[in-house]
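Worksheet: one structure, shown below.
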Amino acid sequence: SGSMAMYDDDGDSTGWSSGLAAPPESRWGQCVSACQAFLVAVQNTPMDELVSLVTYSGAGTIDQDLTLQYSNILSSINGYTQAFHGGSTNIGDGIDKARQTLRTRGFDRAWAEPTIVVMTDGQNTTGAITPETAASNAAAAGITVHTITYGHDADQTRMQTVATLGNGRHWHAPDSAALIQAFNQIAANSPTMLVE
């Protein structure tokens with residue numbers, strides 16, 4: 001959503017307008033830093049960790065299917081950074097698209113622990129499937145759903161429920177340092193996962 005580029009940790013305006021590059025101090029810029037740290041941590045595990053990227057605004061988008069080429073993930077993220085567009089917040093469809101990357105694209109591995117990490121800085125504002133239903137569907141497919149809320153506008157209560165339904169954990173990150181810490185904790189404690 002637009003708030004990811006429009007506001008920083010404290011909810012102060014970054015002066016961003018739709019279509020411009022996302023400012024480094026914006027919530028999006030800090031999320032990028034957290035994702036970079038996450039990928040470094042995952043790369044340093046003893047397992048081959050497949051990672052995919054799903055973003056969401058008015059609808060979920062599969063930006064990268066599961067891959068060992070983390071540079072592809074970073075390239076997709078960088079595309080949004082260079083020209084960021086606002087939109088509504090369809091968390092349920094984001095989770096549902098993430099589930100699809102894990103279960104319908106031929107990457108099932110019997111020994112893997114498929115995991116979705118959902119980060120949001122706001123409220124779910126649109127979508128036919130609720131975040132709760134999407135998390136329940138993922139759990140029924142054997143997928144763990146962790147949630148991270150970021151910033152003071154995020155719906156912590158709802159995302160805690162989503163994590164519970166997804167058999168996962170919820171972290172709240174009030175600032176960028178806590179956001180990086182949350183992603184690092186997930187990377188350190190889950191052997192095989194998907195980042196969203």
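Tabulated data
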| item | result |
| --- | --- |
| Loop sites in the range 52-140: trypsin sites (Lys or Arg not before Pro), DSSP, at most 16 other Cβ within 10 Å | 105, 109 |
| Cβ-defined net charge surrounding residue 28, 11 Å radius [Lys, Arg +1; Asp, Glu -1] | -2 |
| Listed residues 82, 181, 36, most fluctuating in the chain (Gaussian network, C-alpha, under 10 Å) | 82 |
| Beta bridges per DSSP with both ends in the range 35-160, % antiparallel, nearest 5 | 45 percent |
| Cα gyration tensor category, rounded, prolate or oblate, for the range 1-67 with a/c compared to 1.5 | oblate |
| Ratio of Rg to Rh over the chain (Cα coordinates, Kirkwood Rh, two decimals) | 0.93 |
| Selected from 155, 121, 12 as most flexible by GNM, with the chain as the system and alpha-carbon contacts under 10 Å | 12 |
| Relative contact order %, the range 1-118, counting alpha carbon pairs below 8 Å whose residues are six or more apart | 27 percent |
| For the chain, size of Cβ-based charge dipole, Lys and Arg +1, Asp and Glu -1, in debye | 520 debye |
| The range 44-102: C-alpha gyration tensor shape, a/c 1.5 cut-off, then a/b vs b/c | oblate |
| For the chain, calculated [θ]222 nm from helices alone, where every DSSP H run of n ≥ 4 adds -39500 (n - 2.57) | -12500 deg cm²/dmol |
| Chain lengthening between residue 36 and residue 83 when straightened (0.36 nm per residue, less Cα-Cα) | 15.1 nm |
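Only the coordinates and a few stated rules stand behind these numbers; no lab work does. Keep in mind it's a predicted model, so treat the numbers as computed, not measured. Using ideal geometry, Cβ is built from the backbone for each residue, glycine included, and neighbour counts are taken over all protein chains shown.
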